[in-house]
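A short write-up of the structure that comes next.
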Amino acid sequence: MISKKEKRLLIEILGCQYTPKVMPYLQKLGIKNEKGKSFSVDSIRMIANGFRENEKVELAIMQLVNKTIKAKKAMMLKRKKLSKK
């Protein structure tokens, strides 16, 4: 289950409207619900808020957060290099 600390990090990194970013990532990974369909916005929100457990989705969400952090750091380094020129 996603903790309150992880939830704060999720919102800090992906923003308050994180589900439009999470949905395509889950689709890309091929993670589907029990019926074999893509997860709905409400399902993702319930999992992220800790009302429902789904280990695969929780792990994918945190992987997306980590990827986004790395991408933002890489962008900051590129900007610093460009500003030094």
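The values are calculated or read from the model by the stated rules, or taken from the named source; none is laboratory data. Given the structure is predicted, the values throughout are model-derived calculations rather than measurements. With ideal geometry, Cβ positions are generated from the backbone for all residues, glycine too; neighbour counts draw on all protein chains shown. Please note that ligands, DNA and RNA were not included when accessible areas were found on the heavy atoms of the full protein model with its side chains. Shrake-Rupley method; radii C 1.70, N 1.55, O 1.52, S 1.80 Å.
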Positions within segment 53-85 being surrounded by 15 or more Cβ atoms within 10 Å (Cβ to Cβ) and either of a type in the set (Ser, Thr, Tyr) or at pLDDT below 95 (or both), in sequence order
68
If you take the residues in segment 24-34 that are closer than 16 Å to residue 67 by Cα and among the aliphatic types (A, V, I, L, M), which one is least open to solvent (accessible area, probe 1.4 Å)?
26
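A quick yes/no check of all residues on (1) out of contact with any Lys or Arg (no Cβ under 8 Å at 6 or more places or on another chain); (2) hydrophobic (A, V, I, L, M, F, W, C):
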residue	(1), (2)
46	no, yes
49	no, no
57	yes, yes
69	yes, yes
74	yes, yes
Can you confirm whether segment 8-23 contains a residue that is surrounded by 10 or more Cβ atoms within 10 Å (Cβ to Cβ), more than 13 Å from the chain's Cα centre (by Cα) and at pLDDT 95 or above?
no
Taking first residues from segment 1-13 that are closer than 18 Å to residue 71 by Cα and second residues anywhere that are polar (S, T, N, Q) and assigned to a helix (DSSP H, G or I), the pairs with Cβ under 7 Å that are 6 or more apart or on different chains are 13/68
Could you check segment 35-47 and list, in sequence order, the residues that are open to solvent by 50 Å² or more (accessible area, probe 1.4 Å) and touching a Phe, Trp or Tyr at 6+ places or on another chain (Cβ under 9 Å)?
45
Test set (1) under 23 Å from residue 9 (Cβ atoms); (2) modelled with pLDDT under 95; (3) open to solvent by 80 Å² or more (accessible area, probe 1.4 Å); (4) not aliphatic (A, V, I, L, M) - residue 50 fails condition number:
(3)
